[in-house]
1. Largest first and in whole Å, give the semi-axes of region 7-227's equivalent ellipsoid, each being the square root of 5 times a Cα gyration tensor eigenvalue.
2. How many percent of DSSP beta bridges within region 235-432 run antiparallel, rounded to 5?
3. How far is helix 133-146 tilted, in degrees, relative to the longest principal axis of the Cα atoms in the chain, given as a value from 0 to 90 rounded to the nearest 10?
4. Please report the base-10 log of the normalised intensity I(q)/I(0) for the chain, using a Debye sum with one equal scatterer per alpha carbon and no solvent, at each q in 0.13 (1/Å).
5. Test of understanding: ordering 263, 90 by Cβ neighbours within 10 Å, fewest first, what list do you get?
6. For region 235-432, report the % of Cα-Cα distances exceeding 28 Å.
7. Angle, helix 21-34 long axis vs. longest principal axis of the chain, Cα atoms, 0 to 90°, nearest 10?
8. Counting helices only, and only those DSSP H runs with n ≥ 4, report the 222 nm mean residue ellipticity of the chain as the sum of -39,500 (n - 2.57) divided by its residues, in deg cm²/dmol to the nearest 500.
């Protein structure tokens with residue numbers, strides 16, 4: 001098998017959610033680039049927003065890696081296919097050992113580091129901390145060693161001064177713990193947030209962290225992993241071991257704008273690898289479904305932020321006609337919400353939507369659902385994460401068979417639910433979502 005150039009690779013993990021992983025990751029990307037290094041970023045877990053911010057810094061697509069939804073083999077292949085830079089920086093998810101279950105289970109940064117042989121830089125929120133850094137880091141290091149991976153460096157976040165960093169550095173050295181390779185000041189720029197996480201970089205400029213971020217490039221190079229022998233997939237593997245591409249000749253229309261922005265690049269690449277031609281349209285702008293469309297994909301995003309535009313969108317006329325004629329359509333989370341009779345925001349404002357499906361959706365302050373999902377009959381894997389709830393106006397046939405989560409519904413060739421699917425997890429099943437199976441009919 002082929003191999004690519006050597007790439008220094010690290011996983012930036014945190015002690016817990018909220019410790020500053022994303023800000024630190026962006027600072028590391030900025031710092032490495034200003035040191036003259038080329039960089040490529042990745043994100044652990046089923047996240048859409050962090051990769052957008054990565055790309056805003058590197059100007060390169062940031063790919064998701066995930067040992068649960070994507071799988072170990074495919075994650076390794078994605079890393080192998082993009083060894084085109086000096087440094088590969090993988091942002092972790094939640095705390096280092098937080099995953100689908102257990103301590104360091106599938107989907108966690110720990111499991112990814114172990115399976116791919118990647119060293120970890122641990123981000124610690126050290127505000128107000130001095131000697132307590134030792135038992136905290138020692139515990140993480142000991143557990144990492146027990147699980148057969150290596151924490152090679154510490155990044156201390158929210159420090160008060162250079163002297164504070166000196167104290168932390170000396171304690172780590174005294175107790176023979178991983179070195180302090182970088183630290184961030186407590187007055188560093190903050191990232192803008194909203195209910196589903198960070199806001200999008202198109203709404204705000206990427207903060208310049210360099211005045212508040214202090215690092216040692218020599219330590220960074222010494223404390224990273226050299227992944228020189230990851231195998232590239234063969235052509236047969238790229239085609240998911242099928243005799244022919246599953247979607248050869250299909251024209252797939254994909255909603256993509258500020259309301260429909262939760263799209264894994266992995267999924268776009270997979271559709272094209274299966275022979276599909278991709279065309280994009282904007283419901284916010286009122287675009288009609290492109291001519292010669294064979295299937296439609298409505299990804300999730302933020303329809304609740306564009307209710308006025310969506311309530312008047314000219315897209316719905318052509319979309320309703322396609323669905324009525326039996327054109328296959330996959331609607332995920334926000335994409336499903338746009339097809340509703342109405343959408344109500346958390347302040348009680350109500351707007352009509354496409355009025356294609358007999359449902360209504362309402363935003364709420366609290367999280368409605370979060371977690372990995374898998375169809376028990378087909379093995380198709382995905383993730384669910386939303387703050388809205390759906391009211392079905394009458395009983396609908398279920399689309400998926402899940403142990404937990406939103407099973408959604410199917411009407412003719414329209415499949416809709418709150419779940420964001422990862423297509424390569426079950427290629428034939430995913431391809432069938434874009435191929436007509438049910439007889440056409442009126443909704």
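1. Computed over region 7-227, the values are 23, 21, 17 Å.
2. 55 percent
3. Tilt relative to the chain: about 70 degrees.
4. For the requested q values the scattering log ratios are -1.15.
5. Listing 263, 90 from fewest to most nearby Cβ atoms yields 263, 90.
6. 22 percent
7. Orientation of helix 21-34: about 70 degrees from the principal axis.
8. Helices in the chain give a 222 nm mean residue ellipticity of -7000 deg cm²/dmol.
Read-outs: derived from the displayed coordinates by stated rules, not from any lab. Keep in mind that what you see is a predicted model, and the values were worked out from it rather than measured. Backbone-built Cβ (ideal geometry, glycine too); neighbour counts: all protein chains shown.
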